[in-house]
Amino acid sequence: MSENINTLFEQLSTYTSTPAYPFHMPGHKRLFGVDEMPYKIDITEIDNFDNLHAPCGIIKRIENKLAAAFDSDHAFMLVNGSTGGILSAISAVSDIGDDIIIARNCHKSVYNAAMIRRLNAEYIYPETDENGICQSIKPEDVSAAIEKAPHAKSVVLTSPTYEGVVSDIESIAKICHEHNIPLVTDSAHGAHMKFCAFGQKGESISGGADIVIKSLHKTLPALTQTAAAFLNSDLISEETFRNYLEIYQTSSPSYPLMASIELCIDHITAHKDEFKLYEQRLHDFYEKMSDLKHLQLLSNNNYMYSRDIGKIIITTFKANITGYELMKKLRDEYQLELEMSMPTYSLAMTSICDSVEGFERLAQALKEIDSTLKYEKKEPFPPLPRPRKADPEKGEKGETRSIYIYPPGIPIVAASEVCGENELRYLKKWQPQSHRL
Ligand SMILES: Cc1ncc(COP(=O)(O)O)c(C=O)c1O
């Protein structure tokens, strides 16, 4: 950036006036909205503007709209991302020191909630593919975990994952409910799924999960930090959940963020056709990419219940380029900014706001890069390590820290665990990114 730039606002203004195309969050792709900086609508809880923590007026109306749009009994606006919703959900289902079942590929916010509540976690380890991508959580693994931890207060899993891997929520919810255990799904990456044909299989609210958390900002046209929680449960009361939302969320919720949630919901309910056009663009894109020689686009495999095709994963497993290099090349030579990269893949995140031109630019760039590559087979990624448990108190006080790659923010070793040789070997696989650890 130029030396004349002094403020974050100036840097943002300069960057966003370049031709850089965003294949990353937020889902509005900077094409949606009214103002560059929303000072004019930034107020506090003055008369007639209701209160997020005790809504009975205009904010209650937005929550009702959210509930209707997602076919949910109850909906709650979240203004500090899915993180606030996840901390609240796990607190609402557990008492201090309880047992809980957690899918090992959950986001760090799940681990942080478990640490704060001193929960004793029984982990479900998903299989991983050659790229290290975690596959679906299997219903039979949930049954086995419940057998091991019969007093668990909840099962918590992520679906869809950051890479778009979806689990069979309907079967898993059935198993949980047979044992009177609520299912919490972190569907931070799945706010768009209900509105897409490809998103129906495994959809978490219709599948029967008790609490579902969705970031609106990740895959829908809404401002960063906006999210929503959905409650459909005989096992958790609305009062308890709202109480924890009040504890974990700011007491000064941003009106521009809440207005953005309403604009987003109004837009997607009035323009359902945009999801059809989006799916068509995605199908056209995958079709165009079918003759790539060395790069490959990830598709469903036997270990995946279903997948969000809006997460375009370009694997470099059989090419003489790493995922990091591919992402850099797309940035430097094509001005296409992707969401993230790993040793053998790069991830482009899409939404209804992506243009035909954007998809065309990505397709053209991948074809050109592919034509310059050679075959090179990489070593498959090892399965997730299983670190030994240690003292949770040290983690909460910051004396020990979780180790994770961000994104996706999944702890490889949690703060309450020991980093042994196996874990170190696993971490070395990410060495080119080690500065981000
Ligand atoms: C799977 C998953 N869950 C939860 C979160 C937290 O969401 P937010 O950033 O909206 O707080 C993230 C963030 O990247 C995530 O990837």
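The values are calculated or read from the model by the stated rules, or taken from the named source; none is laboratory data. Since the structure is predicted, the reported quantities are computational estimates derived from the model, not experimental observations. All Cβ positions, glycine included, derive from the backbone under ideal geometry; neighbour counts span all protein chains shown. Just so you know, the surface numbers come from the protein's heavy atoms only, side chains and all, with ligands and any DNA or RNA stripped out. Shrake-Rupley method; radii C 1.70, N 1.55, O 1.52, S 1.80 Å.
The set of residues from region 280-305 being in a loop (DSSP other than H, G, I, E, B) and exposed (fewer than 15 other Cβ atoms within 10 Å of the Cβ) comprises 293, 299, 300, 301, 302. Filter region 367-408 down to residues that are of a type in the set (Lys, Arg) and either under 18 Å from residue 427 (Cβ atoms) or in contact (Cβ under 8 Å) with a residue 60 or more places away in the chain (or both) and give me whichever is most open to solvent (accessible area, probe 1.4 Å). Result: 401.
Contact annotation: residue pairs with Cβ atoms under 9 Å, 6 or more positions apart or on different chains, pairing a residue in region 187-209 that is on the phi > 0 side of the Ramachandran plot with a partner that is outside any helix (DSSP H, G or I) and among the acidic types (Asp, Glu), are 202/168.
Is one or more of the residues making up region 322-345 loosely packed, with under 14 Cβ neighbours inside 10 Å and either at pLDDT below 95 or within 22 Å of the chain's Cα centre (by Cα) (or both)? Looking through region 322-345, none of the residues is loosely packed, with under 14 Cβ neighbours inside 10 Å and either at pLDDT below 95 or within 22 Å of the chain's Cα centre (by Cα) (or both).
Quick check: anything in region 306-316 open to solvent by 70 Å² or more (accessible area, probe 1.4 Å) and either in a helix (DSSP H, G or I) or small (Gly, Ala, Ser) (or both)? Working first, answer last.
First pass over region 306-316, keeping only residues open to solvent by 70 Å² or more (accessible area, probe 1.4 Å): none.
No, region 306-316 contains no residue that is open to solvent by 70 Å² or more (accessible area, probe 1.4 Å) and either in a helix (DSSP H, G or I) or small (Gly, Ala, Ser) (or both).
Scanning region 153-176 for residues that are open to solvent by 10 Å² or more (accessible area, probe 1.4 Å) and under 19 Å from residue 95 (Cα atoms) yields a total of 1.
Would you pick out the residues in region 209-225 that are polar (S, T, N, Q) and either touching a Cys at 6+ places or on another chain (Cβ under 7 Å) or closer than 18 Å to residue 164 by Cβ (or both)?
Step one: filter region 209-225 for residues polar (S, T, N, Q), giving 215, 219, 224-225.
Scanning region 209-225 gives 215, 219.
Look at region 113-128: where a residue is surrounded by fewer than 23 Cβ atoms within 10 Å (Cβ to Cβ) and a partner is of a type in the set (Phe, Trp, Tyr), sitting 6+ places away or on another chain with Cβ atoms under 8 Å, you get 127/303; 128/381.
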